[in-house]
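Down below is the structure, laid out as structure tokens.
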Amino acid sequence: MPMHEYHPMNYRPGTAEVAETAREWLARRGVTITQIAQLTLMLQKDYYPNLTLEECEKNVEAVLKKREVQNALLTGIQLDMLAEEGKLMQPLLSIVRNDEGLYGCDEVLALSIVNVYGSIGLTNFGYMDKVKPGIMKRLNNKKGNEVHTFLDDIVGAIAAAAASRMAHNLSGDDKD
Ligand code: MG
């Protein structure tokens, strides 16, 4: 959309625009679908020995189609980026930049993703949050100027939601 058409009062983002932007931002922050799918595979491989990375990728893709998930992605990544650029106001800037232990809003935002597939996702998300495997480890290492206070939880939540979706579908529940 050309910039001159933009006016905050009459602009309504379309479904496709929100979906595409969420995916674009995820990629721009250095996270791939495959990396998230690897977390899902890790969560599920003991229950489904024949599970492939490809199947996990399909479930991650399906999770990313949900508007709640896209909204959480856009919100979290935006806050991370503003913190990186020093554009949040104090004391929030320091809290987000340092990923302070008592903050917790990053986990709460990520729960909006997990909730899409019911309470089964909670256990998986709790596990991801504790172990921080794979890509989550890189996002959480706090080296350099990058801030991923929100994104690490969001990535863990997407992986957990994909695992839950798979469990529901394989048990014959409603397909999303
Ligand atoms: Mg975090």
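The values are calculated or read from the model by the stated rules, or taken from the named source; none is laboratory data. None of these values were measured; they are calculated from a predicted model. Please note: Cβ atoms are built from the backbone with ideal geometry, for glycine as well, and neighbour counts cover all protein chains shown.
Summary of values
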read-out	value
Residue in region 138-149 that is assigned to a helix (DSSP H, G or I) and under 23 Å from Tyr47 (Cβ atoms) present	no
Single unsatisfied condition, Val63 versus (1) surrounded by 15 or more Cβ atoms within 10 Å (Cβ to Cβ); (2) more than 14 Å from Val155 (Cβ to Cβ)	(2)
Meets criteria (surrounded by fewer than 22 Cβ atoms within 10 Å (Cβ to Cβ) and either more than 14 Å from the chain's Cα centre (by Cα) or more than 15 Å from the ligand (Cβ to nearest atom) (or both)) for Asn71	yes
Residue list for region 134-164, restricted to those being within 15 Å of the ligand (Cβ to nearest atom), touching a helix residue (DSSP H, G or I) at 6+ places or on another chain (Cβ under 8 Å) and modelled with pLDDT under 90	Asn140
Wholly within region 1-113, helices (runs of 4 or more DSSP H) carrying at least 2 residues that are polar (S, T, N, Q), within 19 Å of Leu170 (Cβ to Cβ) and in contact (Cβ under 8 Å) with a residue 40 or more places away in the chain	33-44
Residue satisfying condition, being out of contact with any Leu (no Cβ under 9 Å at 6 or more places or on another chain), within 29 Å of Arg97 (Cβ to Cβ) and among the aliphatic types (A, V, I, L, M), within set Leu64, Leu26, Leu74, Leu43	Leu74
Which numbered condition Val69 misses (of (1) under 20 Å from Val131 (Cα atoms); (2) out of contact with any Leu (no Cβ under 9 Å at 6 or more places or on another chain))	(1)
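Quick grid of which residues meet (1) in contact with an Asp or Glu (Cβ under 7 Å, 6 or more places away or on another chain); (2) among the acidic types (Asp, Glu); (3) buried (at least 24 other Cβ atoms within 10 Å of the Cβ):
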{"site": "Val108", "(1), (2), (3)": "no, no, no"}
{"site": "Leu122", "(1), (2), (3)": "no, no, no"}
{"site": "Val131", "(1), (2), (3)": "no, no, no"}
{"site": "Asn141", "(1), (2), (3)": "no, no, no"}
{"site": "Asn145", "(1), (2), (3)": "yes, no, no"}
{"site": "Leu151", "(1), (2), (3)": "yes, no, yes"}
{"site": "Ala161", "(1), (2), (3)": "no, no, yes"}
{"site": "Ala167", "(1), (2), (3)": "no, no, no"}
{"site": "Ser171", "(1), (2), (3)": "no, no, no"}
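The rows are residues; the columns are (1) among the β-branched types (Val, Ile, Thr); (2) farther than 30 Å from Thr15 by Cβ; (3) within 15 Å of the chain's Cα centre (by Cα); (4) modelled with pLDDT of 95 or more.
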residue	(1), (2), (3), (4)
Leu79	no, no, yes, yes
Glu100	no, yes, no, no
Val108	yes, no, yes, yes
Asn115	no, no, yes, no
Gly126	no, yes, yes, no
Lys132	no, yes, yes, no
Met166	no, no, no, no
